[in-house]
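Input: a single structure, listed below in structure tokens.
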Amino acid sequence: MHLTHLDNVQVQRITMLERMYNFYIKKLVRPPGRTSKLWQIMRITTFLLLTVIMQVSARTLAQQITLSEKNASLLAVFEKISNQTGYDFILPSGISDMARPVTIEARNEDFRTVIHRVLAGQPFDYTIENKIIVISRKVPTGTPAPQNAVPLTRVSGRVTGQNGIPLAGATVSIKDTRQTAVTNERGEFVLDNMTLPCVIRVSFIGYKSTEIPLVKDTPYLTISLAAADSRLEEVRVVSTGYQSLPKERATGAFVQLDSTLVNRRISTDVLSRLEGIVPGLLVNRNTLNSVTGGTDISIRGHSTLYANDQPLIVVDNFPYDGDINNINPNDVAGITILKDAAAASIWGVRSGNGVIVITTKKGRTNRQLLIDLTANFTSGNLPDAFYNPAFLDSKDFIGVEKTLFASGFYNTQLTSQRRLPVSPVVQLLADQRAGKIDADQVNSQIGILEKTDIRNDIEKYLYRRSLNQQYSLSLNGGGERNTYYFSAGYDHNTANLTGNKNDRLTLTSQQTFRPFRDLEVTAGINYVQGNAINNGISSLVTGGTYGKIYPYARLADADGNALAIVKDYNYSWVTDPVAQRGLLNWQYKPLDEIRNSDNSTRSEDIRLNAGLNYSFLRAFNAEIKYQYQNSASDVNNYYSRDSYYTRNLINQFTLVNGSSITHNIPLGGILQKSDSRLVSQRVRGQLNFNKAWSADHSVTVLAGAELNDAVTSANSNTVYGYDKDLQTSQFVDNISYFKQNPSGIFTRIPGQLGFSKLTDRYISYFGNAGYIYKNRYTFSLSGRIDRSNLFGVNTNQKAVPLYSAGLGWTASKEPFYKIPWLPYLKLRATFGYNGNVDKNVVAVTTIRQNTNNYYSNGLLFSNIDNPANPDLRWEKIRMVNMGIDFSTGNRRIWGSFDFYLKKGIDLFGDSPLAPSVGFISFRGNTANTSGKGLDLVLNSRNIAVGNFGWQSVFQLSYALDRITKYDVKQTAAGALAGGANIVPVTGNPLFAVYSYSFAGLSHDKGDPQGILNGVVSTDYTAIINSTALKDLVFNGPSRPTTFGSLNNTFSYRDFSLSVNIIYKLNYYFRRSSISYSGLYNGWYGHEDYTKRWQNPGDESKTTVPSAQLPPVDNNRETFYSYSSVLVDKGDHIRLQDVNVAYDIKKQAWKKMPFRYLQVYGYVNNIAILWRANHDQLDPDLYSASAYPLPRTFAFGLKAGL
């Protein structure tokens, strides 16, 4: 009978899938007749594939129920349950007379949960034996157990939310007794020595309690709890990477994000989705790491000076060693951010910057096969090339060139034998002076150039609208003894920069097996393959002394044909056939370079994990976890013979002697190849104890050890005369010195040959304990000791113990607590230490051996990189955190408030040394910092009327760190160079902006004025040389100290609209302005040139100094560039993104072949609503030449089968 039932289920499911298929073919696709045979083949293939899938999941399918009944008879409901599950019912006599009508809505729920809901309020109990459900009359509460009561040795089970996620820390008790158990991190519990009949009561904070009557022996129970508030699902349980525990029972500062919140934002990476939704987490966009494509994140400020300052990323219980961008966001089930010592100290010396714990999706027990699909498309606007104020329009630029030419400024460049580049206008003026062209021709051509703007061609040819495509397919489910999760993802991204694109393939498999009741085996694999093409040109540089390009350059003619621009050499010399005899074409056409480039990167990442978990003696379980990761990256930059890079290098080393032509670099392509590999292995053994005594005492303890080994290797080389098709190259002499053409300098042919290998090994011991009394007093203790190969001189300093302790008090559970408008109130306090390490400093003397030095004639020579420091120690960060969690009545308002103090101890800093030892300073554990901050989160349910709802989340964070000890005294010049970098000045913030006092412009000359000995002065040399650090203006921190967000979500029926606003306050940045030296010598223009002082009286309406003609006073330039008048406040409020979604439910479209269907749209980087600076600048940009992030528009859908 059992097997026959399974076959019937398969037939029903396959018939349903056939109908889904027909719906897709007939209603949506309608293929043309000429492809009917192909569609038939695809149809049969799909049918067979789904049949195999159904075989795998048939057992699970039989245990899921979907019901939609209103005032139905109990017998009719039982009949439908029997039809769907194959279970038979045994009913007592007279059931029809005693039963009440049944109203229920259930979709793909566990059948035990459905039966319990059906019998709620009915005068019946039930028990399940084999495939038979026995219905009996309910035993009244308080009825004495019958004389023939049956003792039970053990009843075990699992408690989950309605979404199937285990609830760790749920209380399971036998009603009217003191016998109690607490579920472990997998939601499992065991109760011994029970007497039937009895009632099991299950409770968990934030969920509705439930009671389950037991009449006969039921060895295993699966219990599903409904959330007291639907928004609690997947949020209440936090993961530290070592254990999962209810947030209400945690003492530390955690932030949990479920998959819904993580997937609110559309992107191909995970970390960018955290911006604006995590209190205390700041995404720093105005840093070098961020602008070069990396992610720069701070959690609760900055906790180090020179060591790694990024948070530790943990994926599925282990630190992630590879590129975090490899993680497919669609595979993420939840993210927990560990912010204080109690939360993060168990991660030891890598936890000082906070910890981000990512948990990926898994299968679920007793669940049918579920198929989820996601697809989205994101299009981005063109970057705004006209945003950059560091640009001088062509007419003004040409005016400057005419003035400089008349003064003879370009004479040296025009006559240099090094053939230095000059602009087309200067060349025209020189040709006119030489009589090669008349004035009318010059004026005509210059008139055309004055109307040309390179920014138009930059937007037209170098940039384009970006297009990102993201697809994901996952299958998950499970039976009584196994779970499975498979996923495949594919991303194809076309970048804004023309010539750049990348794609990524991700494959994931996670399996869990329970060969018998107390043993769980897990195994998983994650494979990522990426390919990137980087042929774009992000900036145009003329070369020579010029770091920019003249503003009237053109990249293409009216027909789109590539045009040459001035590059590295005098264009008249480059185009002179006589001068170029024997040389390759030396012209530079940017658009041809994009087509001729072939710069590719291929990456692979394989991550394998396995684990065993064995439960014994009721309260114990032991587990061992292992992870292997292998990441490889291969970079191939191929410059064909037609590329400018190759032609230029060949020409530079070509010797032309009469009719003899010698190519010291062979004709052919150039290949620069580099590869890197990371291999890491981690193994962890852990013993867990989880026990409750009655309802008053609960203890959880874990202890273990782990070994970590990571080896990173890299090598690089360059080959010349490379033939891409034949994979051959030719020899070049990288040792001899050759005369370079046309400079005449003797130099070697550049070669790139390098090898490196780094090994990191750790052995760690850790422990964590928690005690809960009366479900309202919580005490936690955590500790860890790390030993590493980085420190090995003084044995007593190879390891450092890091620990934390925490207290929690749920005051609202006290009998004396009588505040009805605030039904939930919890107080928390923690204290502890986290750690950090700078891998660039070691305890022993390190020597670097070098070759290829001009003066050593190829002989070996060495440098001492690092002097010995046997007293080297780990950095430590001490943190005290005090917090409050609260909720008003009906959860109208709920949230948390945390205040913390932290202190950086033994941070790596510089200290002076006597010059006689060979070093003027050394880096060691000589610096200290202190910090403080707060995190406030307010959630509110503003309106909930009928089908309309409005909810808000307001976040406010404050974080400020100061230097309290630093032995090397900072100079004024060093402080001025800060801003984006750390400036260690005792008593001030780590990141700060300093400037010279600005006293306006002088009346007669328009010179910038400063303060010298308390008097207004234009003696710039004296001002710069005599201004001490204390005399500088301390403008303030250069990173926001106050930041947060406001998210509003509106819903009406199946529509939802979410709007996120972020703000950053109390910080400063130094804006750019005109530098006359930079304009003349490097073509660094700026729109401030048009605002300059020109006549007496202008000083009342401008702060831009008058123009200097060469020779320029560089001290005047330096003073103005670092003056306080160029420091602006960075405060701003930004409309970050908007998400709109529409859910199509099965109930509304019963013929829909999906469990659910969601269509959504998303807009990101929308607009700055308010900014404190009056120059309309984006304070989040790293430099004046950067473009703001373009606005992006996404459209996508999610569907489930």
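Residues that are surrounded by fewer than 18 Cβ atoms within 10 Å (Cβ to Cβ) and closer than 29 Å to residue 925 by Cβ within the range 883-904 comprise 899, 901, listed in sequence order. When residue 642 is tested against (1) surrounded by fewer than 16 Cβ atoms within 10 Å (Cβ to Cβ); (2) in a strand (DSSP E or B), just one condition goes unmet, and that condition is (2). Residue check: residue 727 meets all listed conditions (1) in contact (Cβ under 8 Å) with a residue 24 or more places away in the chain; (2) more than 30 Å from residue 522 (Cα to Cα) but one, namely (1). Taken together, the residues in the range 944-967 that are among the β-branched types (Val, Ile, Thr) and modelled with pLDDT under 90 amount to 1.
Filtering the range 370-399 to residues that are closer than 30 Å to residue 108 by Cβ and in contact with a Ser or Thr (Cβ under 6 Å, 6 or more places away or on another chain) leaves 372, 374.
Output the residue which, of all residues in the range 781-805 that are more than 22 Å from residue 318 (Cα to Cα) and either of a type in the set (Gly, Ala, Ser) or more than 31 Å from the chain's Cα centre (by Cα) (or both), is modelled with the highest pLDDT. My answer is 805.
Could you tell me whether the range 431-439 includes any residue that is assigned to a helix (DSSP H, G or I), out of contact with any Asp or Glu (no Cβ under 8 Å at 6 or more places or on another chain) and of a type in the set (Gly, Ala, Ser)?
Just the residues of the range 431-439 that are assigned to a helix (DSSP H, G or I), to begin with: 431-433, 439.
The next check asks that each one be out of contact with any Asp or Glu (no Cβ under 8 Å at 6 or more places or on another chain); those that pass are 431, 433, 439.
Imposing the further condition that a residue be of a type in the set (Gly, Ala, Ser) reduces the set to 439.
Yes, that holds for at least one residue.
Would you call residue 159 in a strand (DSSP E or B), at pLDDT below 75, surrounded by 23 or more Cβ atoms within 10 Å (Cβ to Cβ) and under 36 Å from the mean Cα position of the chain (by Cα)? Spelling it out, it is not the case that residue 159 is in a strand (DSSP E or B), at pLDDT below 75, surrounded by 23 or more Cβ atoms within 10 Å (Cβ to Cβ) and under 36 Å from the mean Cα position of the chain (by Cα).
I'd like to know if the range 283-290 contains one or more residues that are without any contact (Cβ under 8 Å) to a residue 24 or more places away in the chain and within 26 Å of residue 1143 (Cβ to Cβ).
Quick first cut of the range 283-290, residues without any contact (Cβ under 8 Å) to a residue 24 or more places away in the chain only: 283, 289.
Retained after the next criterion (residues that are within 26 Å of residue 1143 (Cβ to Cβ)): none.
The answer is no; no qualifying residue exists.
Within the range 584-629, being of a type in the set (Lys, Arg), buried (at least 19 other Cβ atoms within 10 Å of the Cβ) and over 26 Å from the mean Cα position of the chain (by Cα) holds for one residue alone: 589.
Annotation note: Cβ proximity below 6 Å between a residue of the range 359-374 that is touching a residue at least 60 places away in the same chain (Cβ under 8 Å) and a residue that is surrounded by 19 or more Cβ atoms within 10 Å (Cβ to Cβ) and among the aromatic types (Phe, Trp, Tyr) (sequence gap 6+ or interchain) occurs for 361/485; 362/485; 363/484; 363/485. Residues of the range 325-340 that are more than 16 Å from residue 608 (Cα to Cα) and of a type outside the set (S, T, N, Q): 329, 332, 333, 334, 335, 337, 338, 339, 340. Screening the candidates 308, 286, 325, 353 for the property of being within 15 Å of the chain's Cα centre (by Cα) and part of a loop (DSSP other than H, G, I, E, B) yields one hit, 353.
Taking the listed residues 687, 707, 702, the one that is within 33 Å of the chain's Cα centre (by Cα), of a type in the set (A, V, I, L, M) and crowded, with 19+ Cβ neighbours inside 10 Å is 702, with no other qualifying.
Among residues of the range 505-531 that are in contact (Cβ under 8 Å) with a residue 12 or more places away in the chain, those with a Cβ under 6 angstrom from a residue that is surrounded by fewer than 19 Cβ atoms within 10 Å (Cβ to Cβ) and among the acidic types (Asp, Glu), sequence gap 6+ or separate chain, pair up as 529/604; 531/503.
Screening 661, 665 for residues that are in contact with a strand residue (DSSP E or B) (Cβ under 9 Å, 6 or more places away or on another chain), aliphatic (A, V, I, L, M) and exposed (fewer than 15 other Cβ atoms within 10 Å of the Cβ) leaves exactly one candidate, 661.
For the range 725-741, indicate whether the set of residues that are among the hydroxyl-bearing types (Ser, Thr, Tyr), in a loop (DSSP other than H, G, I, E, B) and modelled with pLDDT of 90 or more is non-empty. Don't jump to the end; show me each part of the working.
Let us first name the residues in the range 725-741 that are among the hydroxyl-bearing types (Ser, Thr, Tyr), namely 728-729, 736-737.
With in a loop (DSSP other than H, G, I, E, B) added as a condition, the list becomes 736-737.
Right, trim to modelled with pLDDT of 90 or more and you get 737.
Looking through the range 725-741, at least one residue is among the hydroxyl-bearing types (Ser, Thr, Tyr), in a loop (DSSP other than H, G, I, E, B) and modelled with pLDDT of 90 or more.
Please determine whether any residue of the range 392-415 is of a type in the set (S, T, N, Q), surrounded by fewer than 19 Cβ atoms within 10 Å (Cβ to Cβ) and either farther than 24 Å from residue 1079 by Cα or within 43 Å of the chain's Cα centre (by Cα) (or both). No; the residues of the range 392-415 include none that is of a type in the set (S, T, N, Q), surrounded by fewer than 19 Cβ atoms within 10 Å (Cβ to Cβ) and either farther than 24 Å from residue 1079 by Cα or within 43 Å of the chain's Cα centre (by Cα) (or both).
Of all residues in the range 524-549, how many are part of a strand (DSSP E or B) and either in contact with a helix residue (DSSP H, G or I) (Cβ under 8 Å, 6 or more places away or on another chain) or of a type in the set (S, T, N, Q) (or both)?
7
The single condition from (1) of a type in the set (Ser, Thr, Tyr); (2) loosely packed, with under 15 Cβ neighbours inside 10 Å; (3) over 27 Å from residue 979 (Cβ atoms) that residue 1156 fails is (2).
Scanning the range 967-979 for residues that are surrounded by 17 or more Cβ atoms within 10 Å (Cβ to Cβ) and under 32 Å from the mean Cα position of the chain (by Cα) yields 975, 976, 978, 979.
The values are calculated or read from the model by the stated rules, or taken from the named source; none is laboratory data. Just so you know, these numbers come straight off a predicted model, no measurement behind them. Note that we place each Cβ from the backbone using ideal geometry, even for glycine, and neighbour counts take in every protein chain shown.
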